[in-house]
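Below is one structure, written out as C-alpha cells; comments come after it.
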Amino acid sequence: MTDYDPKTGQAIAITAMVQRITAPNPSPMTYHGTNTYIIGSQQGDIAVLDPGPDHDDHLQAILAATDGPDRISHIFVTHAHLDHSPLARRLSERTNAPIYAFGTAKAGQSATMQALERAGYDGGGEGIDHSFVPDIYLNDQDLITANGWTIRAHHTPGHMANHLCFQLEDMLFSGDHIMGWATSMVSPPDGDLTQFLASCAKLRTTRWSMMLPGHGDVVHAPNDRIDELVTHRHAREAQIIAALETAPATAWELACQIYHDVDSRLLPAASRNVLSHCISLSERSLISYDNPLNADSIFRIF
C-alpha cells in the first residue's frame, strides 16, 4: 500500500458515477485520511457519503467537486466516528440535504455491550461522535432512490453498532467494515466481534465487483478480502484458546502473551481487541468468564 497516493483534497474519479475526496486527517487510525465519496452525474442528483471530520478545507473541497451546495440532495453516513460524521451537519445546513444513517452513536448496540458499558468499561481508540443525529433513520435493506441512482443500505454492525454499508449497483461503500490497508478495529463496548463476523457472513453472500472503503484504496477483490479478514479473526481466536488451555487469564494478560513482540504502547489497543474476541468466544459457549463482565474478567476454558 506504500505507493497509494490519494491526492488529498482532490476529487478523483473512481467510476463514471463515483468520485473520492480524501480528507486532510492522516493518522495511524485513518491511514492517509477519511474517504468522502461523491455519488451521481451532472444530469442527476448528487449524494455525499461520509462527509468526514469537521474541517473547513474539506467542506470547500466537497462543495467544489459538486458544483456548489444546490446540487447535493442526500448525505449518507456509515457510522458515528469523529473522522466520518461531524461535517455532515454543516454540509446539511449549507445544502438543505437531509442526513441518512442507521441512528445515533449507540443505535444497534447489543445487550452484552450495553451491560459492559454499564459496568464502567468505556473502551478507547477511535473517537465517538456522541452529538451525531441523522435526519432520516435507515433500516437494513432500505432503498433510497434519486434521479440517476439507487442506494441500498446494509446494516453491518461490528466496527460500530450503527455502522451501515451502502450499495450502488454491484459496488459497496464499505466504511470501516472492510478495508484493504488494515483490519477493522473492533473495540468494545462500541465494537462487537460477534456482530462483525455476522456482518461479514451477510456481505459474503453477494459477489461484489469492488468495495470503496472509508480509508485507503479501492478493494478490487472484496469477497477474497472478507475471507482474509475472517480467517485472521479465527486465527486470533485459536491463539486465545491455546493460551487459556494453559491457565485462566484476563484480556490484558492474554494480550501480553499473544502480542509479546509489539511496542508496549500498543498493548492497550491489543487488550481491547483480545477482549472483543473473548466476549465473542463466550457468546458461542467456547469459553466462560466470571460475571459481571468487565475489563478485569477472568476468562477460562469450560
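Ranked for footprinting exposure by Cβ neighbours inside 10 Å, fewest first, E169, E237, E117, E245 give E245, E169, E117, E237.
Dipole magnitude for the chain: about 380 debye, using +1 per Lys or Arg Cβ and -1 per Asp or Glu Cβ, origin at the Cα centre. For the chain, the longest principal axis of the alpha carbon atoms and the long axis of helix 56-65 meet at an angle near 50°. Taking label points 7 Å from Cα along the Cα-to-Cβ direction, F302 and T15 give a separation of 4.5 nm.
Report the antiparallel proportion of the DSSP beta bridges in the chain as a percent, rounded to a multiple of 5.
Details: 28 of 40 bridges.
Roughly 70 percent of the DSSP beta bridges within the chain come out antiparallel.
Sorted ascending by nearby beta carbons within 10 Å, beginning with the fewest, V18, V77, V262, V133 become V262, V133, V18, V77. Relative to the longest principal axis of the Cα atoms of the chain, helix 193-203 runs at roughly 50 degrees. By the beta-carbon count within 10 Å of each Cβ, the least crowded to most crowded order of R204, R89, R272, fewest first, is R204, R89, R272.
Test of the criteria: in the stretch 1-71, which trypsin sites (Lys or Arg not before Pro) are in a DSSP loop and have at most 11 other Cβ atoms within 10 angstrom of their Cβ?
Here the sparse-neighbourhood loop sites are K7.
With runs of 4+ DSSP H residues as the only contributors, calculate the mean residue ellipticity of the chain at 222 nm using -39,500 (n - 2.57) per run, divided by the residue total and rounded to the nearest 500. About -9000 deg cm²/dmol. Computed about its Cα centre, the charge dipole of the stretch 263-302 is approximately 80 debye, with only Lys, Arg, Asp and Glu carrying charge at their Cβ. The stretch 1-68 and the stretch 260-290 have Cα centres lying 34 Å from one another.
At 0.36 nm per residue, minus the direct Cα-Cα distance, what do D170 and N147 gain on full extension? Give it in nm, one decimal, please. Numbers along the way, then the final one.
Numbers: separation 23, 0.36 × 23 = 8.28 nm, distance 1.82 nm.
Extending this stretch completely gives an extra 6.5 nm.
Values quoted throughout were computed directly from the atomic coordinates according to the rules given, and no laboratory measurement underlies them. Being a predicted model, the structure only gives us computed values, none of them experimental. Note: ideal-geometry Cβ built from the backbone for every residue, glycine included; neighbour counts use all protein chains shown.
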